[in-house]
Structure formats: C-alpha cells, structure tokens
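Quick notes on the structure that follows.
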Amino acid sequence: MDFNLTDERQMLQDSLRRYLADKYTTKVRNEILESETGMSGAIWTGLADLGVIGALFTEAQGGFGGAGFDITTVFEELGRAGVVEPMLDSAILGGRLIAALGDDAQQALLGDVIGGTLHLAFAHGEPTSRYDLSRVQATAVQNGDDIVLNGRKAVVANAEAAGYLIVSARESGAADDVDGISLFLVPADSAGLTLRGYPLFAGGRAAEVSFDDLHLPSSTRLGAAGAAYPAIAAAVAAANVALAAEALGAMETATELTRSYLMTRQQFGRPIGTFQALQHRYSDMLIELEQARSAVINAAGHLERDAQQRDLQIAAARNLIGRSARLVAEESIQMHGGIAMTQEYELAHIAKRIVMTDHRFGDTDYHLERFIALSAA
Amino acid sequence: MDLSYSPEELAFRDEVRSFLRDELPKELSDKVRSGAELGKADIERWHAILNARGWFAQNWPKEFGGAAWNAVQRHIFEEEAAMADAPRIVPFGLSMLAPVLQKFGSKAQQDHYLPRILNGDDWWCQGYSEPGAGSDLASLKTRAVREGDHYIVNGQKTWTTLGQHANMIFCLVRTDPDVKQQAGISFLLIDMDTPGIEVRPIILLDGTPEVNEVFFKDVKVPVENLVGEENKGWTYAKYLLTHERTNIAGVGFSRAGLDTLKRIARIEMSGGRPLIENPHFAARLAKVEIDLMAMATTNLRIISQAAGGAAPGVESSMLKVKGTIIRQEINDLTRRAVGPYAMPFPSETLEGNNDPVGPDYAGPQSAQYFNNRKLSIFGGSNEIQRGIIAKVKMGG
Ligand SMILES: Cc1cc2nc3c(=O)[nH]c(=O)nc-3n(C[C@H](O)[C@H](O)[C@H](O)COP(=O)(O)OP(=O)(O)OC[C@H]3O[C@@H](n4cnc5c(N)ncnc54)[C@H](O)[C@@H]3O)c2cc1C
C-alpha cells in the first residue's frame with residue numbers, strides 16, 4: 001500500500017498548482033468567462049508547454065503518463081482553480097478515442113493535441129439520449145466509397161474550437177443497441193455540418209450540432225464499422241475519473257474558502273466560525289471531502305482494470321461525489337451568506353463547476369443505478 | 001378538526017380563480033412559467049391590474065384603501081396566483097413599508113406615500129443590510145447626523161433588491177452611536193434622486209442584476225422623512241419583519257414548482273422510459289411532495305391561528321426553514337430532471353431573441369437552482385431562524 005504520489009506526479013502537481021495560482025487568477029478567469037471563445041489560447045499553450053496534456057497520454061501515444069492517477073493529478077488541480085479550458089474534451093475524450101481506435105494517420109493527430117495546437121470534441125449525446133451511452137440515433141450510411149451522416153448531437157462541449165469532431169453514428173441495430181455504433185473523425189469545415197454555439201452555465205462553450213447528408217470518405221471511420229462502443233465506454237470511464245477528480249479539487253477550494261471566511265467574517269462581535277452550528281457543518285464538509293478523495297482514488301486505481309470492475313468503481317465514485325460535492329457546494333454558499341451569491345466571488349464559480357459536473361456523463365442517480373446494476377452482475 | 005375550506009372560503013377561491021383566468025395577461029404568465037426575467041414594466045402592469053380590482057393592498061386595513069383580507073384569504077390568493085404563474089407582487093413598498101407607515105408614520109406621510117404605493121407612483125427598495133451588517137443587522141453603520149431641517153446621511157447599503165428600479169428607499173440609519181446598538185437606529189425615507197446617492201449593480205451568480213449596492217455621500221434628507229421617533233427605528237424594523245409573514249412558507253411557489261417538475265419528468269426520457277417512471281427519481285419526487293403536503297397543513301394551522309388573532313411566533317421561523325428547504329429541493333430536482341440541457345447558459349434565450357437550446361423548459365433551471373440558494377440566506381437566514389426557535393423554546 002502506498003498512497004503517495006510518485007515523484008513525477010508530485011512534480012506535475014506542484015508545477016501545475018504554481019502555474020495556475022500565478023496565471024489563472026479570479027480576474028483572468030472572469031475575463032475568460034466573458035470572452036467570445038470561452039477559453040484562453042495563452043493558458044492552453046501554457047498548459048501544453050508545462051506537459052499537462054502530455055501527462056494524460058502514454059509514452060506509446062507520445063506522452064509520458066496516461067494512467068488513472070495521472071488524470072486525477074491533473075484534474076484535481078484544474079478543479080481547484082476552476083479552470084474552464086476544455087481539457088476533458090480535447091485530451092481525455094478526443095485523445096483517448098483516437099488513441100484507442102485510430103489508424104497510423106489518425107494517431108498522428110495526437111502530437112498536435114499534446115502540443116496544444118489541435119482541439120477535439122466528442123459529439124455523442126443526442127437531444128433525447130440523456131446519459132444513455134448506447135442510445136445513438138444519428139445514422140451513417142455507406143454510399144460507394146463515401147459515408148453519409150445524418151442526425152443531431154446535443155450540448156457538444158468544445159465543438160466550435162475543435163479541428164475535428166469525433167461523431168458517433170449508427171451503422172446497424174436498434175436505437176440503444178451496443179453494437180452497430182461507429183465513430184467518425186469529421187473535419188470542422190465539412191459541408192453539411194452545422195453548429196449552434198452557446199456559453200455554458202459554468203464556463204466554456206458547447207454547441208448543438210447537426211449533420212445533413214454530410215459526406216465523408218470512409219477512411220474517416222475510427223476503427224471497425226459498428227464496433228466503437230467499448231472504446232466509447234473506456235473513454236467515458238476516463239472522463240468520469242477526470243470529472244470526479246475535478247469535483248474533488250473544486251471541493252477543496254470551496255472548503256478552504258469557507259474555512260477562511262468563517263474565521264474572518266465578523267457578526268455579533270465575533271468571527272462567525274465561533275458559532276458551533278457552523279463549526280459542525282464545516283467539519284461535516286471536511287469529512288465528506290475525505291470520502292470524496294478516497295472515492296477518486298478507488299476509481300482511478302481501477303481505470304485500467306476490466307470493464308466490469310472499472311465501471312463499478314467509477315459509478316461508486318461519481319455517486320458518492322455527486323452527493324458530497326452537492327453538500328459542499330450548497331453548505332459553502334450558505335455559510336458565506338450573500339457574498340457567495342455574487343458572480344464576482346470565487347466561490348460562486350467553483351460551486352457552479354461542482355454542480356454542473358452532475359450533468360456530464362451521468363448524474364448522481366444515474367450512477368447509483370449503474371452501481372446497482374453492475375454489483376448485481 | 002375540519003380540513004376543508006368553509007363555503008365562504010371556497011367562494012372566495014372561485015372568485016380569485018376567475019379573476020386570474022380573466023385578468024392575468026398571458027404574456028406575463030408565459031414569462032413566469034418559462035423563467036424569463038420580468039422587467040419593471042411587467043411588474044408595474046400586474047400591480048396595476050390588481051389595484052384596479054382592489055386586490056393589490058390585500059393586507060392593508062380598509063381605512064387606507066386596502067382589501068383587509070384575513071390570513072386565510074391571503075393564503076388562498078397567494079397559492080392560486082402561484083399556480084396560475086402570476087408575477088410575484090414586489091413587497092417592499094406594499095407589504096414592508098406600508099404597515100410601518102400605517103402604524104408609526106405621521107398623517108402627512110400616510111397621506112402622501114400610501115396612495116402613491118397603491119398607484120405605483122413610487123418604487124421602494126429596502127435599505128437594511130450593509131457589508132458589515134447582515135445577520136447582525138443592529139451593527140449597521142450608515143450614519144445620519146441632524147443639521148437643522150435635514151439629516152446628512154453617509155454610508156453604504158448593500159444587497160438592495162431591484163434598487164435599479166427604485167425611486168425611493170427606506171433605510172435604517174445610525175443616529176446615536178453612543179448607546180446600545182439597537183437604541184441608536186432610526187428609520188428614514190430617502191428619495192433616490194437626492195444628490196450624493198450612487199447605485200451600483202451586483203451581478204448574482206446566475207448572471208442576473210437582481211441586487212445593488214447603494215452609496216450615500218453627504219445626502220441631505222429632510223427631517224420630515226423620519227418615520228416615528230428618532231432612535232426608535234429598531235422597533236419599527238422588528239415590527240416590519242414580524243408583520244408580513246403569511247407567505248413565508250412559499251407553499252404556492254412550491255406547488256407550482258412541483259407541477260413544473262412533474263410536467264418535465266413526464267416528457268424527459270431516461271433509459272427509454274419517461275423519467276417520472278424511473279424508481280429513483282420517482283422516490284425523490286414523492287419525498288418532497290410528502291413533505292410539501294404536511295407543510296401545507298402546518299402552514300394552514302398557523303395561518304388559521306393568526307386569522308383568529310394569535311400572533312405567529314416561532315412557527316413562522318419553522319415555516320421559513322422548512323419552506324425554503326422544500327423549495328430548494330424542488331429546484332434541485334428540476335435541474336437534474338433536464339439532464340445535459342441544464343448546462344447551457346440561457347443568456348440569449350432569456351432575453352427572448354433566440355430559440356431555446358433544448359426543450360424550452362430546460363433553459364432557466366440551473367439559474368433558478370442557484371438563484372434560490374438565496375431563500376435560506378435572506379429574510380433572516382435559516383441558521384438565525386433555528387437560533388430563534390431554540391431561544392424562544394429554551395428561554396436562552
Ligand atoms: C438575493 C438577495 C437579496 C437581498 N435583498 C435585500 C434587500 O432588498 N434589502 C436588504 O436590506 N437586504 C437584502 N439582502 C441581505 C440579506 O438580508 C442578508 O444576506 C442576510 O441578512 C444575511 O447576511 P449576510 O449575507 O451578511 O451573511 P452573514 O450574516 O455574514 O452570515 C454568514 C453565515 O453565518 C451565519 N450566521 C450568522 N450569524 C450566526 C449565528 N449567530 N449563529 C449561527 N450562524 C450564524 C449565517 O446564517 C450565514 O450562514 C439580500 C440578500 C440576498 C442574497
């Protein structure tokens with residue numbers, strides 16, 4: 001048993017924490033939130049130069065990490081600082097799907113991703129698919145050497161910045177069959193591709209994406225026809241580990257902001273942190289935080305195991321963190337009083353990041369159901 | 001024990017229903033239902049419709065032109081209005097300031113301000129809280145010094161709800177710094193156009209400019225704008241706080257919210273079936289509905305006592321705590337119900353110049369969830385309410 005970070009990961013954590021403390025101030029972040037693109041190119045380049053993106057890929061893929069604990073090291077820091085840049089979309093989802101399924105030519109794109117010059121987006125969820133991973137109704141039809149895509153994708157994060165969209169579409173089977181789903185690497189400038197972009201509540205941008213008779217060469221398919229689901233499930237598993245770690249980092253910041261506010265805010269002639277009613281609730285937040293930390297460790301430690309074990313641990317982590325993170329977000333706001341309700345104050349953004357993780361790849365109840373199903377299996 | 005309304009109360013409810021059906025403009029109820037922001041004109045329009053019917057000043061005595069409804073009548077109206085998606089009545093002039101003026105104001109103040117409140121000539125905001133004085137309101141520092149016929153006011157108020165629409169503000173100010181905190185506070189009426197007042201918006205975490213900071217620099221306020229006696233302001237403020245508490249439980253809002261939630265959960269699909277059939281979701285929904293059913297009866301029990309003349313005491317603190325927990329839980333479930341479509345920030349669609357992203361009901365849900373975190377913070381935070389309950393019961 002060893003719960004310490006390796007030296008490499010410790011260095012990564014230290015340098016990333018220093019970089020973000022220095023560069024990703026509340027002021028900078030608020031400017032990013034207000035910006036047209038919803039992200040900072042300078043920060044993205046900075047993160048790439050620091051090796052943060054490379055840490056999310058294996059050596060064979062051109063990086064120097066790629067394991068579950070590399071993901072959690074990076075995303076915990078991104079969560080602590082409330083980073084809105086699309087690391088999840090470009091590196092974890094996009095990167096892993098290409099790494100898992102791409103041929104040599106497609107794999108070559110990973111160098112640009114790691115270098116910070118190429119963004120990706122995973123266009124998978126549909127207007128009525130909610131969190132069901134296998135529910136794909138967009139269609140891909142072979143037409144000579146071409147593939148013709150039709151369908152709609154919902155809330156596709158980072159779609160506008162992406163050089164390629166990784167699009168799921170059904171080549172066979174019924175609407176929620178696991179078999180029959182393929183992935184395609186769709187260049188952003190393809191004819192027949194329409195994006196309607198908008199800002200997200202907790203920062204960053206997404207788009208409603210539609211394909212109307214979008215023609216592609218069949219060489220854009222990632223992997224074998226109709227066989228993409230296991231890779232999708234694995235990439236989403238990694239995304240869930242990242243989201244859990246991000247929420248954990250955000251919870252750390254929320255509890256720390258609350259601690260210092262309780263110690264400095266004076267009402268009735270004394271710091272409000274001297275009221276036992278608040279002390280106990282602050283303590284409960286810390287207890288939940290440590291539970292969340294352990295859940296993240298459990299999930300990350302099982303990311304490379306077989307799908308059944310991996311998914312059970314991940315469902316457990318996201319359910320637990322869904323509960324504890326909501327508690328931490330809501331209690332932090334409550335114990336701050338009015339100040340936490342203002343957009344300018346750091347906690348408001350952190351609380352939004354926390355709560356909005358509940359809407360990506362399954363909410364607390366979804367993961368509870370997954371856990372029940374997987375533990376019965 | 002009789003759980004049903006009396007025939008008179010039922011007749012009144014029918015009257016309220018037909019009024020809402022005939023008089024509530026569809027543009028307004030559509031906005032309320034979709035969670036769109038109501039502008040000043042929208043609110044003034046609704047106030048005027050109510051006033052034309054004599055139902056604006058529901059709690060005012062007849063002598064001041066009010067409807068003099070009892071607590072049960074007010075409860076019925078509030079519930080029916082919420083269910084019909086009527087705009088909320090803005091309370092600051094009507095149900096906060098007016099009762100204070102009616103009890104403690106001069107004849108001249110009553111004659112001047114009360115009709116203006118009824119007619120919508122003045123928009124009042126509430127200047128109590130300060131950066132350093134929230135829960136501990138009595139520690140407020142905004143200073144008013146008497147100089148001849150005027151007070152000179154210096155200081156800052158904050159969290160002033162809808163101050164951007166207001167032309168008048170009622171303020172608690174310190175007139176005697178040398179006595180026990182509560183004994184040196186006065187209640188002043190201040191014209192927002194007076195030189196030296198600056199209003200700065202505070203953007204809330206959902207992006208709305210709902211509250212403001214109000215700065216006072218050497219603001220001259222005529223002495224006739226003092227309500228009651230100098231240094232008695234705390235008594236009036238407490239009267240104001242305890243006076244208007246029938247809707248503290250927000251039963252109508254919760255019922256309307258629950259209706260919306262169920263409507264959404266019937267449309268949203270999860271695992272190929274309507275979300276409302278999902279056992280975990282259904283269990284959460286049932287729990288909050290069960291809580292609401294009981295609280296609605298608690299609310300009526302307390303209200304009917306009040307209608308019989310008994311003053312609600314710790315019960316209103318209980319209703320505040322439970323009522324806000326229930327409303328916040330409904331907001332949380334509604335946010336979850338809309339799934340990934342809770343993520344878009346509905347900036348453009350809220351302003352109405354674009355089609356909504358995803359289903360039309362999804363847009364405002366995250367914003368409402370976050371915005372309603374305020375419910376357990378303002379109006380005496382839930383911690384302060386719990387403190388009151390224990391103090392009264394244990395004589396602390
Ligand atoms: C959206 C919004 C609108 C508002 N509108 C208005 C308005 O129009 N006019 C106006 O005057 N004010 C308004 N307020 C201010 C509101 O009344 C204050 O926010 C409230 O009184 C709490 O004060 P505070 O925010 O300074 O928090 P604080 O008083 O600093 O409280 C911080 C935390 O400490 C807790 N706490 C404080 N004292 C104790 C204690 N003794 N024991 C245990 N816990 C304690 C509180 O419950 C809270 O959790 C508004 C606030 C909000 C958020």
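Observations, loosely collected:
- Residue in segment B:180-196 that is within 10 Å of the ligand (Cβ to nearest atom), over 30 Å from B:Asp22 (Cα atoms) and open to solvent by 30 Å² or more (accessible area, probe 1.4 Å) present: no
- Scan of segment A:327-357 for residues that are acidic (Asp, Glu) and either more than 8 Å from chain B (Cβ to nearest Cβ) or surrounded by 24 or more Cβ atoms within 10 Å (Cβ to Cβ) (or both), ordered by number: A:Glu331, A:Glu346
- Checked against (1) within 14 Å of another protein chain (Cβ to nearest Cβ); (2) touching a Leu at 6+ places or on another chain (Cβ under 7 Å), A:Thr220 passes all but condition (1).
- Restricting the first member to segment A:358-377 and to residues that are without any contact (Cβ under 8 Å) to a residue 60 or more places away in the chain, and the second to residues that are of a type in the set (Val, Ile, Thr), the beta-carbon pairs closer than 7 Å and six or more apart or on different chains are A:Asp358/A:Thr364.
- Of all residue pairs spaced 6 or more apart or on separate chains, those with beta-carbon atoms under 9 Å, a first member in segment B:155-169 that is within 12 Å of another protein chain (Cβ to nearest Cβ) and a second member that is small (Gly, Ala, Ser) and more than 9 Å from the ligand (Cβ to nearest atom) are B:Thr160/B:Ala166.
- Matching residues, segment B:99-145, being of a type in the set (Gly, Ala, Ser), in a helix (DSSP H, G or I) and more than 16 Å from the ligand (Cβ to nearest atom): B:Ala108
- In segment B:65-94, the residue that is nearest to the chain's Cα centre (by Cα) out of those that are within 24 Å of B:Gln126 (Cα to Cα) and surrounded by fewer than 18 Cβ atoms within 10 Å (Cβ to Cβ) is B:Pro91.
- For segment B:360-383, filtered to residues that are buried (at least 19 other Cβ atoms within 10 Å of the Cβ) and near the ligand (Cβ under 6 Å from one of its atoms), the residue that is nearest to B:Lys31 (Cα to Cα) is B:Lys374.
- Qualifying residues in segment A:246-290 (those that are assigned to a helix (DSSP H, G or I) and among the charged types (D, E, K, R)) - the one nearest to the ligand (Cβ to nearest atom): A:Arg281
Matching residues to (1) within 14 Å of the ligand (Cβ to nearest atom); (2) among the small types (Gly, Ala, Ser); (3) open to solvent by 50 Å² or more (accessible area, probe 1.4 Å); (4) part of a helix (DSSP H, G or I):
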site	(1), (2), (3), (4)
B:Thr208	yes, no, no, no
B:Val219	no, no, no, no
B:Glu224	no, no, yes, yes
B:Glu229	no, no, yes, no
B:Leu241	yes, no, yes, yes
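- Looking at A:Asp132, A:Asp104, A:Asp177, just one residue is away from chain B (no Cβ under 14 Å), among the acidic types (Asp, Glu) and open to solvent by 10 Å² or more (accessible area, probe 1.4 Å), and that residue is A:Asp104.
- Residues satisfying the stated conditions in segment B:17-38, i.e. under 10 Å from B:Ala86 (Cβ atoms) and either aliphatic (A, V, I, L, M) or within 20 Å of the chain's Cα centre (by Cα) (or both): B:Leu20, B:Leu24, B:Leu28, B:Ser29, B:Val32
- Filter pass, A:Leu320 being part of a helix (DSSP H, G or I), more than 10 Å from chain B (Cβ to nearest Cβ) and closer than 30 Å to B:Ser129 by Cβ: no
- Evaluation of B:Pro25 against (1) without any contact (Cβ under 8 Å) to a residue 60 or more places away in the chain; (2) farther than 26 Å from B:Ile264 by Cβ (one fails), failing number: (2)
The values are calculated or read from the model by the stated rules, or taken from the named source; none is laboratory data. Treat the numbers as computed from the prediction; the structure is a model and nothing was measured. Positions of Cβ are backbone-derived with ideal geometry, glycine not excepted, and every protein chain shown enters the neighbour counts. Just so you know, the surface numbers come from the protein's heavy atoms only, side chains and all, with ligands and any DNA or RNA stripped out. Shrake-Rupley method; radii C 1.70, N 1.55, O 1.52, S 1.80 Å.
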